[in-house]
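Have a look at the structure below, then the notes.
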Amino acid sequence: MWWWTGKSLPVGYASTTGLTATAGGTTQVTGSGKVLGLPPGYSAAFPGEVRYLVGARSGVLLAQQTAANLHASVGTVVAIGRKGLPPAKVVVRGIVDLPAADSMFQAVGAPPGVSLQAPPDNVVLLPQAVWQRDFTQLGNTQPGAVYQQYHVALSPRLAPDPAAAFTDVTARAKNLEVRLAGAGAVGDNLAAQLDAARKDALYAQLLFLFLGVPGAVLAALLTAIIAAAGGDRRRREQALLRIRGASPRRIIWFAATEALLVGILGAGIGLIGAMLAGRLAFGVTRFGATTSQAVFWGALAAVAGFGLAIVTELVPAARDARTITVRQARDIVGPASKPLWATLYVDIWLLGAAGIVFWRSVQSGYQVVLAPEGVATISVSYSTFLAPLLFWIGAALLSWRLSNAALGRGRAAVAWAARPLAGGLAGVVAASMSRQRRLLSRGLLIMALTASFAVSTAIFNQTYAAQSRVDAQLSNGSDVTAATTAATGLPPRIFGATRQLPGVVAVQPMMHRFAYVGNDLQDMFGINPRTIGQATSVSDAFFQGGNAQSVLARLAARPDAVLVSDETVRDYQLQPGGLIRLRLQFAGDHAYHLVRFHYVGIVREFPTAPRDSFFVANASYIAKITGSPAYQVMLSKVSGPPPAIAGRVRQLLGPASGAVVQDIASQLKITLSGLTTIDLSGLTRLELTFAFILAVAASGLVLILGLVERRRMFAITAALGARTRQLASFVWAEALFVTLGGAVLGILSGWGLSFIIVKILTGVFDPPPPHLFTPWAYLGALAAVTAVAVIAAGATVIRSAREPAMEIIRDL
């Protein structure tokens, strides 16, 4: 079958009634489990299925939990129970971990929900020849206990679009079902992953909606304001043409030609810029994953550019040509009417509606991304989008209202603030600004929108990046983590030796054992709650109640205290402060014995812990009760490069230890490259660069256009005898009002917008951030660029005011 051009290997599955091993003079017996027969080359064909921990990479291998249950190590003889047959005895050659146990032991072809059964606690991996020797006869007597699967790796030639790839892989699986004609069932793991990936693609679109659309809208508004800045000049030119006999139709034709030229050049330059930005940010120049998507989005961008040119150039010219008389067109100052939205207080209503929508979303516990049992799904409530949208629009309109009010009823306050710049002319400057409040409010609005976009984008991206590192550290445990099996433990000397390495800030040991709650075997982590935070991040979000310090203090206050995962609390209906009887393995006889704990808190997540069920207890208590002080995990916080320090730790441990050393840099790449994880680095670079460009344009270009638009007023003032310093007071007062006012209002609205977005997108973060993270370096650079642009704009206008007044008036 040409479309299955990957690798296909048979894997045998058999059920065992239990495993038995004798170690240290004692005998351990486990419950039922699974025995797999792996063909040669399985690990090379499917590298993510088996992770080798101790011993050989071939032969008889035990899963880590199974080795802990049997207290088995390399060389231990294990008897595998076979129903109706004598046990099969094998010699252990290695201990492994099964990262993909859920898919490896899924119930293929079972009804929905049955395939989500938990993987077995006891697993033995046998070479295929040994498995066939020991379990072929069992298959004859117990047909339901033995079966075979074919594990297939598809060719990597899949469509780059997750949705298209999902459709393709699903069709392949259905085609295989038809070919099998009932002779077998198909388990499509790749389609399950692609299903989550296509939902993540939808989620990426939601992120663009929250983060990118405001920038696009802001760019359109900036373009419209730049075009409107020359509106008075174009109206006067139209009046002159009409005096000389030009008809309204010819004037509209001139405007259409100008709009067409602007649209063609703007769309072309914009598409070229988008391709360059895509190449720099994402490494591709396409506008979509497929050719049809690239053509669609490119055409849509070009149409949007043409539409923007028509709206900003042609529509105002056509309206003026048909509705404004020659005398009205030549007026320099027109009446300033109050907008209808301001009369109706639309901005206040929008902010109130945004608050109500946000409150309802938070109170209902809505999450756009849900992750039950670690499987990410999308739950989209489009009404939730209204909260940031209404807030953004309402904050923008409120900025205009406040600016207009300050320049109107607050003219005395403006005069007082302008006194350091204008001196005795402060009242005149304030009166001039009040008369021009429509233009100044427009400039302040754009400044506020730009600052809001830059601040909200930067804060969200910084928070996302910080939590991505926390997520990676949660999976890895710390900056550098060394771990071995529960049956052995790390060499005691390694902790002191690692502390002496250059670049190592702190080292903390942690136990990783196993404990039975009822008949369920769960992970047990032993820590020193007073010092664990020195080597790893312990977030408030890890614990119910949101206060890591108080929860760890309760754990440290009582030796037999234990923190229980919320899933275990729900499953077993545990009560806070209640007694919990767990079974732990003792070092003396390697058997599981009853140990009393008291449940003092709920832990949702913990470094290196699984996502479902586990316990966290005091390491000193576990060591005392079980008689084994061995630590299986070493957490290290470093100030140097984690990969380099991880390499030195490997050298200290040596190959004989069988320990696995991982660093956070490698884990972060895994975290941001999975099918169900989104890497925002490219989008971040693109958006933050775009924010820089918008900041320069809004603070410099818009300001200078507004000032140049009043060159005639400055020229007349100069002709009446005003000195350059006096003219400069007008320029700098207006520049500071627009810049500082817009920056303050923009920062406030940007922080509020980022707060709303982070709260709504809580499901993105694992765990949720304790607070917003602010990129001070980026915002400082943005403030510096804005200040330079404002100073350059003001200096340009002042320099132009020094030209002969009569020449300026004649040109205007």
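The values are calculated or read from the model by the stated rules, or taken from the named source; none is laboratory data. Worth saying up front: this structure is predicted, and the values here are computed from it rather than measured. We place every Cβ from the backbone using ideal geometry, glycine too, and count neighbours over all the protein chains shown. Areas reflect the complete protein model, heavy atoms only, side chains present, ligands, DNA and RNA absent. Shrake-Rupley method; radii C 1.70, N 1.55, O 1.52, S 1.80 Å.
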Cross-chain or 6+ apart pairs with Cβ under 7 Å, the stretch 642-655 first and within 17 Å of GLN473 (Cα to Cα), then assigned to a helix (DSSP H, G or I) and at pLDDT below 90: PRO642/ILE664; PRO642/ALA665; PRO643/ALA665; PRO643/SER666
Unique residue being in contact with a Gly (Cβ under 8 Å, 6 or more places away or on another chain), open to solvent by 20 Å² or more (accessible area, probe 1.4 Å), aliphatic (A, V, I, L, M) and more than 30 Å from GLY518 (Cβ to Cβ) when the list is VAL11, VAL91: VAL91
Qualifying residue in the stretch 623-637 (condition: among the β-branched types (Val, Ile, Thr) and open to solvent by 30 Å² or more (accessible area, probe 1.4 Å)): yes
Where a residue in the stretch 493-513 is within 17 Å of GLY477 (Cβ to Cβ) and its partner, wherever it lies, is surrounded by fewer than 22 Cβ atoms within 10 Å (Cβ to Cβ) and among the small types (Gly, Ala, Ser), with Cβ under 6 Å and at least six apart: VAL505/SER639; MET511/ALA619
Only one of GLY741, GLY746, GLY706, GLY750 that is at pLDDT 85 or above, open to solvent by 10 Å² or more (accessible area, probe 1.4 Å) and within 46 Å of the chain's Cα centre (by Cα): GLY741
Conditions (1) free of Cβ contacts under 8 Å to residues at least 60 places away in the same chain; (2) open to solvent by 20 Å² or more (accessible area, probe 1.4 Å); (3) farther than 15 Å from THR498 by Cβ; (4) of a type outside the set (S, T, N, Q): number failed by GLY601: (2)
Residues being at pLDDT below 75 and in a helix (DSSP H, G or I) - total across the stretch 274-291: 8
Members of the stretch 388-411 found to be among the aliphatic types (A, V, I, L, M) and modelled with pLDDT under 85, listed by number: LEU389
Residue match in the stretch 719-732 (condition: at pLDDT 80 or above and open to solvent by 10 Å² or more (accessible area, probe 1.4 Å)): yes
Residue that is in contact with a helix residue (DSSP H, G or I) (Cβ under 7 Å, 6 or more places away or on another chain), outside any loop (DSSP other than H, G, I, E, B) and modelled with pLDDT of 85 or more, where the choices are PHE514, PHE460, PHE495: PHE514
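Per-residue answers, yes or no, for (1) at pLDDT 75 or above; (2) in contact with a Leu (Cβ under 8 Å, 6 or more places away or on another chain); (3) assigned to a helix (DSSP H, G or I):
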residue: GLN148; (1), (2), (3): yes, no, no
residue: ALA159; (1), (2), (3): no, no, no
residue: PHE166; (1), (2), (3): yes, yes, yes
residue: GLY187; (1), (2), (3): no, no, no
residue: ALA192; (1), (2), (3): no, no, yes
residue: ASP195; (1), (2), (3): no, no, yes
Check on TRP416, part of a helix (DSSP H, G or I), open to solvent by less than 40 Å² (accessible area, probe 1.4 Å) and either touching a Ser or Thr at 6+ places or on another chain (Cβ under 7 Å) or not acidic (Asp, Glu) (or both): no
Residues satisfying the stated conditions in the stretch 533-573, i.e. open to solvent by less than 10 Å² (accessible area, probe 1.4 Å), touching a residue at least 40 places away in the same chain (Cβ under 8 Å), among the aliphatic types (A, V, I, L, M) and not in a loop (DSSP other than H, G, I, E, B): VAL551, LEU555, ALA561, VAL562, LEU563, VAL564
Residue in the stretch 246-262 that is at pLDDT below 75, open to solvent by 50 Å² or more (accessible area, probe 1.4 Å) and outside any helix (DSSP H, G or I) present: yes
Residue in the stretch 581-589 that is open to solvent by less than 30 Å² (accessible area, probe 1.4 Å), touching a Ser or Thr at 6+ places or on another chain (Cβ under 7 Å) and either modelled with pLDDT under 85 or within 25 Å of VAL480 (Cβ to Cβ) (or both) present: no
Of residues in the stretch 471-492 being surrounded by fewer than 22 Cβ atoms within 10 Å (Cβ to Cβ) and more than 25 Å from PRO629 (Cβ to Cβ), the one modelled with the highest pLDDT: SER475
Count - residues of the stretch 488-510 that are closer than 22 Å to VAL562 by Cα and touching a Ser or Thr at 6+ places or on another chain (Cβ under 9 Å): 3
Number of positions in the stretch 668-682 that are open to solvent by 30 Å² or more (accessible area, probe 1.4 Å) and either at pLDDT 75 or above or not in a loop (DSSP other than H, G, I, E, B) (or both): 4
Among (1) at pLDDT 90 or above; (2) open to solvent by less than 10 Å² (accessible area, probe 1.4 Å); (3) in a strand (DSSP E or B), the one test that ALA506 misses: (2)
Subset of the stretch 53-88 [of a type in the set (Val, Ile, Thr) and open to solvent by 10 Å² or more (accessible area, probe 1.4 Å)]: VAL54, VAL60, VAL74, THR76, VAL77
Residue list for the stretch 121-142, filter: outside any helix (DSSP H, G or I) and at pLDDT below 90: ASP121, ASN122, GLN142
